[in-house]
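No value in this document is a laboratory result; all are computed from the given coordinates. Being a predicted model, the structure only gives us computed values, none of them experimental. Quick reminder, even Gly has a Cβ in these numbers, built from the backbone with ideal geometry, and neighbours come from all protein chains shown.
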Amino acid sequence: GIQVEQSPPDLILQEGANSTLRCNFSDSVNNLQWFHQNPWGQLINLFYIPSGTKQNGRLSATTVATERYSLLYISSSQTTDSGVYFCAAHGSGNTGKLIFGQGTTLQVKP
Amino acid sequence: ETGVTQSPTHLIKTRGQQVTLRCSSQSGHNTVSWYQQALGQGPQFIFQYYREEENGRGNFPPRFSGLQFPNYSSELNVNALELDDSALYLCASSSPYEQYFGPGTRLTVT
């Protein structure tokens, strides 16, 4: 089945800095999602982006399906951006099983 | 917030007992997926239900079972609880691909 790898595993930023999180996947995908998990465990949808580029405020994401990677950009980071960011995907042969990466733990310091 | 709800929020059980977790899907979504998230890991797919039928299963033993009801709500049942079943259990609803997660049920097995 599809494999999903995220980098870096940990990231520490000063408030106001920009960052890029990367997600590599091993096969073509029908679904690619980015999530932010808050300290209480809730997975918050950031982007549904199997291909192309989307932007939502200070966050944007790009998926290059032909090269099997996706990037999440965070600009002008704030302390509330801290938490774990997950990328998850499922392949073209599977309609439901989301495979998650191991996550990137982001800490934004004031 | 998503429209996906889960109950209970927290649960403590003893090894060998049985547990039932519940999930109400977002309005208009006919597909429910269940995931297990151990501490420090990404969520792992347990199974998915589409229109009351199981539609894919991850690498979990048969003591993990589920149901989906005509209103698309769902239950996850775990028999003969083991210590390693202690985890955050997440439910997601979708129609058809983008998945939206509930707040989770944190299960502790002692």
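Quick check for me: using +1 on Lys/Arg Cβ and -1 on Asp/Glu Cβ, what's the dipole size of the protein assembly as shown about its Cα centre, in debye to the nearest 20?
Taking the Cα centre of the protein assembly as shown as origin, the dipole is about 120 debye.
If the reach is capped at under 12 angstrom between alpha carbons, list the aspartates and glutamates near A:Lys109, excluding any in the same chain fewer than eight residues apart.
Leaving aside aspartates and glutamates fewer than 8 places away in the same chain, those within reach of A:Lys109 are A:Glu15, A:Asp81.
Restricting the count to DSSP beta bridges whose residues both fall in region A:4-109, what percent are antiparallel, rounded to a multiple of 5? Show your work: numbers first, answer last.
Working: 39 of 44 bridges.
Counting only bridges with both partners in region A:4-109, antiparallel ones make up about 90 percent.
Kindly provide the Kirkwood hydrodynamic radius of the protein assembly as shown in Å, to one decimal, from all pairs of distinct alpha carbon atoms.
Numbers: mean 1/r = 0.0563 Å⁻¹.
Hydrodynamic radius (Kirkwood, Cα only) of the protein assembly as shown equals 17.8 Å.
Would you please state the base-10 log of I(q)/I(0) at q = 0.26 1/Å for region A:59-100, with intensities from the Debye formula using one equal scatterer on every alpha carbon?
Values returned for q = 0.26 Å⁻¹ are -1.03.
So if the hydrodynamic radius of chain B is defined as the Kirkwood radius over C-alpha pairs, what does Stokes-Einstein give as its diffusion coefficient at 20 °C and 1.002 mPa s, in µm² per second?
The diffusion coefficient I find is 156 µm²/s.
So what's the gap between the Cα centers of region A:32-55 and region B:51-72, to the nearest angstrom?
Rounded to whole Å, the Cα centres lie 25 Å apart.
Averaged across the residues of B:38-44, what count of C-beta atoms belonging to other chains lies within 10 Å of each residue's C-beta?
Working: counts 0, 0, 4, 3, 14, 9, 4.
Going residue by residue through B:38-44 and averaging, the value is 5.
Could you calculate the contour length gain from A:Asn24 to A:Gln55, that is, 0.36 nm times the residue separation minus the distance between their Cα atoms, to one decimal place in nm?
Stretched out fully, the A:Asn24 to A:Gln55 stretch lengthens by 9.2 nm.
Suppose R0 equals 30 Å. What FRET efficiency, 1/(1 + (r/R0)^6) with r the Cβ-Cβ distance, do B:Thr9 and B:Glu54 give to the nearest 0.05?
Details: r = 26 Å, r/R0 = 0.87.
E(calc), rounded to 0.05, equals 0.70.
Inside 10 Å of the C-beta atoms of B:95-104, what's the mean count of C-beta atoms belonging to other chains? Present the calculation step by step, with values, prior to reporting the outcome.
On the way: counts 0, 4, 11, 7, 10, 5, 9, 3, 5, 5.
Average per residue, whole number: 6.
Hey, what's the Cα Rg ratio for region A:4-109 versus the globular rule of thumb, 2.2 N^0.38 Å?
1.01
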